[in-house]
1. Taking the Cα-to-Cβ direction at residue 29 and at residue 55 and moving 7 Å from each Cα, how far apart do the two end points lie in nm?
2. Give me the extension gain from residue 19 to residue 122: residue separation times 0.36 nm, minus the current Cα-Cα distance, reported in nm with one decimal.
3. Run the simple label-point estimate for residue 175 and residue 215 please: 7 Å along Cα→C-beta, distance reported in nm.
4. Stokes-Einstein at 10 °C, 1.306 mPa s, Kirkwood radius from Cα pairs: D for segment 86-177 in µm² s⁻¹?
5. Rank these for me by crowding, 43, 48, 127, going from fewest to most other beta carbons within 10 Å.
6. Provide the gained length on full extension for the span residue 130 to residue 48, in nm with one decimal, where the gain is 0.36 nm per separating residue minus the Cα-Cα distance.
7. Based on other C-beta atoms within 10 Å, arrange 27, 154, 133 from fewest to most.
8. Rg/Rh for segment 68-136: what does it come to with C-alpha atoms and Rh from Kirkwood?
């Protein structure tokens with residue numbers, strides 16, 4: 001038992017998620033690396049035609065860095081939050097799991113790898129669903145465990161990014177969305193590159209990406225889920241008033257019609 005305890009402690013340390021401030025700083029540095037840029041560009045290519053078909057007034061991005069993927073969106077107001085002021089960013093400060101927004105106030109939400117590093121996935125999804133308008137679009141980009149990147153994360157050492165992510169499968173995320181009354185419109189994959197930083201691997205990343213997109217195999221490093229918040233139909237309930245029978249006015253057959261006195265007097269005078 002004493003021999004197993006250090007191994008258990010090591011596994012717990014490997015599963016420990018980074019703090020939000022450290023996550024934004026370190027993930028921003030990793031996305032600036034050649035491999036991170038290659039993955040980011042592949043995700044942008046998948047998101048570009050999807051963003052072009054989303055319209056509205058407000059588009060929120062919930063992510064793990066200050067890199068915005070909403071540049072190609074026609075929505076006028078595109079914004080995101082940062083966890084604290086240490087990031088030295090011009091963006092507003094707020095937690096992704098407690099958004100300072102009114103319910104049903106944004107037209108679309110993009111969750112960019114935030115589910116991979118949050119301690120409470122259900123809370124994050126419920127918060128995104130709360131601020132999303134009925135009929136709005138929810139986009140989720142996450143690391144795919146059924147890929148070479150997912151296999152690489154199983155042999156990670158320490159809490160190095162991005163391998164310390166949770167790597168939640170797209171099937172599991174879709175099940176969570178159905179419980180929140182979302183309909184899944186599309187699942188796309190990107191990042192058909194090997195999880196290594198060697199310059200030769202980075203050079204062949206574009207060729208592997210083209211092959212993966214043509215084959216549409218679900219083994220890309222990342223997936224993009226497009227879901228729509230369902231609108232519950234409201235059927236107006238009209239009150240059922242009781243039917244009152246109309247009175248029937250009838251005259252006995254053969255009864256002479258009674259003339260008004262004024263009309264009879266006027267006839268005599270004439």
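1. Label-label distance for residue 29 and residue 55, simple model: 4.4 nm.
2. Numbers: separation 103, 0.36 × 103 = 37.08 nm, distance 1.82 nm.
Using 0.36 nm per residue and subtracting the Cα-Cα distance, I get 35.3 nm.
3. Result for the modelled spin labels: 2.8 nm.
4. Working: Rh = 14.6 Å.
Here the translational diffusion coefficient equals 108 µm²/s.
5. The most exposed by this proxy come first: 48, 127, 43.
6. Values: separation 82, 0.36 × 82 = 29.52 nm, distance 2.52 nm.
Result: 27.0 nm gained on full extension.
7. Least to most surrounded, the residues fall as 154, 133, 27.
8. Numbers: Rg = 12.3 Å, Rh = 13.0 Å.
Rg divided by Rh gives 0.94.
Each value in this text was obtained by applying a stated rule to the coordinates, not by laboratory testing. Treat the numbers as computed from the prediction; the structure is a model and nothing was measured. So basically every Cβ, Gly included, is an ideal-geometry build from the backbone, and we count neighbours across all protein chains shown.
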